[in-house]
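The block underneath contains the structure these notes are about, expressed in structure tokens.
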Amino acid sequence: MENKDNNFLYEVILSCDNAEEQSYNLYDNEKICGAEILDDNNIKIFLEKIEDKDNFIDYLNSLDFKVEEIKEIKNENWTLKCKDFYKPLKIKNLFITPEIEGQETILDDNLLNIKIVPGMAFGTGHHETTKSALLLLQDEALLNNKDKIKKILDVGSGTCILSIASAFLFNTNVLAFDNDPTTLQNANENILLNKKQDSVTNFLGTIEDVKENDFDLILANIYAEILIEIFPKILEKSSLNSFLILSGIEKAKLSLVLDVYESEFGLLQQIIEGNWATLLLKRK
Ligand SMILES: C[S@@+](CC[C@H](N)C(=O)[O-])C[C@H]1O[C@@H](n2cnc3c(N)ncnc32)[C@H](O)[C@@H]1O
């Protein structure tokens with residue numbers, strides 16, 4: 001199912017046992033571009049296209065949602081529909097808060113506020129992989145070495161949430177990139193919104209395009225297969241005694257990633273959240 005132009009979206013009504021709690025399973029699904037909690041048992045989601053309807057319904061069933069209705073609607077400003085969906089999130093000393101047009105931005109004066117516009121890029125902070133990476137970014141091993149962390153690289157930056165958080169936490173420069181062109185506008189919007197344009201540089205590309213070396217901290221929240229594939233490049237880009245945060249690793253593939261990375265990096269911390277593993281490593 002594909003819309004003929006950008007003026008239409010698919011609207012899908014889902015029923016479930018607990019809309020508030022189960023809505024967390026829908027965050028950061030790259031196909032879902034917006035959502036609205038209707039009541040305790042119903043959620044409305046919006047998609048630009050549905051590639052395989054049966055597959056999509058199976059996927060939602062696997063998350064304990066029942067599909068009640070799928071219809072084509074006129075594309076209004078879908079972010080307005082997200083106001084009940086994206087909630088602020090406290091991750092240790094960080095407060096990740098959604099910035100939505102027409103809605104007051106909630107801030108926490110006691111925490112470091114990071115504003116994120118919910119858009120097409122991955123990285124609202126709600127997905128386990130981002131959440132765990134943000135937790136490990138605040139690990140003592142890193143914060144106690146703040147003065148040694150001068151250059152940071154964010155591999156697969158999405159919304160730039162990890163870049164912005166590290167620019168705040170380490171008060172230093174971050175080079176970020178993503179190979180998906182649809183993330184760029186959203187990432188740049190977030191960088192400006194958080195006034196980090198002087199420290200965070202985001203570009204469209206892959207690790208092959210990074211000319212600099214000697215990064216003291218590298219962040220990579222991407223699939224295990226890609227992490228394994230780019231290991232030689234990650235090593236080339238990391239300074240001696242540098243730190244590395246790897247996320248996006250399915251639990252079942254953790255040992256494959258460790259087999260490769262532990263040849264050159266020692267494991268300091270690991271977080272397992274749901275089906276996902278996140279690692280903090282230090283170059284040997
Ligand atoms: C799981 S998201 C992580 C986004 C954000 N860093 C976060 O932690 O929430 C992975 C991102 O990596 C990008 N990506 C996947 N493979 C890549 C590659 N080989 N090079 C650059 N970016 C890649 C995707 O487009 C996506 O935006």
Inset, instruction - Could you tell me which of the residues Asn275, Asn213, Asn241, Asn221 is buried (at least 17 other Cβ atoms within 10 Å of the Cβ) and polar (S, T, N, Q)? - result: Asn221
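Hey, among Leu162, Leu240, Leu244, which residue is in contact with an Asp or Glu (Cβ under 7 Å, 6 or more places away or on another chain) and hydrophobic (A, V, I, L, M, F, W, C)?
Numbers: Leu240 fails: in contact with an Asp or Glu (Cβ under 7 Å, 6 or more places away or on another chain); Leu244 fails: in contact with an Asp or Glu (Cβ under 7 Å, 6 or more places away or on another chain).
Checking each option against the conditions leaves just Leu162.
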Legend entry - Selection from segment 35-63 of residues that are under 13 Å from Leu14 (Cβ atoms) and part of a strand (DSSP E or B): Ala35, Glu36, Ile37, Leu38, Asp39, Asn42, Ile43, Lys44, Ile45, Phe46, Leu47
Inset, instruction - Any chance you could count how many residues in segment 217-244 are within 11 Å of the ligand (Cβ to nearest atom), of a type outside the set (Ser, Thr, Tyr) and more than 19 Å from Asn173 (Cβ to Cβ)? - result: 8
Inset, instruction - Return the residue satisfying two criteria in turn: it lies in segment 100-138 and is of a type in the set (Asp, Glu) and more than 16 Å from the ligand (Cβ to nearest atom), and of such residues it is modelled with the lowest pLDDT. - result: Glu101
Legend entry - Qualifying residue in segment 27-45 (condition: modelled with pLDDT under 80 and of a type in the set (S, T, N, Q)): yes
Inset, instruction - For residues that are in a strand (DSSP E or B) and hydrophobic (A, V, I, L, M, F, W, C), scanning just segment 219-236, find the one that is farthest from Ile164 (Cα to Cα). - result: Ala220
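This table checks each residue for (1) farther than 21 Å from Tyr27 by Cα; (2) among the hydroxyl-bearing types (Ser, Thr, Tyr).
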site: Leu89; (1), (2): no, no
site: Gln103; (1), (2): no, no
site: Ala121; (1), (2): no, no
site: Glu128; (1), (2): no, no
site: Leu134; (1), (2): no, no
site: Lys150; (1), (2): yes, no
site: Val155; (1), (2): no, no
site: Thr159; (1), (2): no, yes
Inset, instruction - With the checklist (1) over 19 Å from the mean Cα position of the chain (by Cα); (2) within 23 Å of Met120 (Cα to Cα) in hand, flag the one item Leu193 doesn't pass. - result: (1)
Legend entry - Single condition Ser247 does not satisfy, out of (1) more than 10 Å from the ligand (Cβ to nearest atom); (2) within 24 Å of Asn113 (Cα to Cα): (1)
Inset, instruction - Check whether at least one residue in segment 215-236 is hydroxyl-bearing (Ser, Thr, Tyr) and over 26 Å from Lys284 (Cα atoms), and report yes or no. - result: no
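The values are calculated or read from the model by the stated rules, or taken from the named source; none is laboratory data. The model shown is predicted, which means the values in this text are computed figures rather than measured ones. Neighbour counts run over all protein chains shown; Cβ positions are idealised from the backbone, glycine included.
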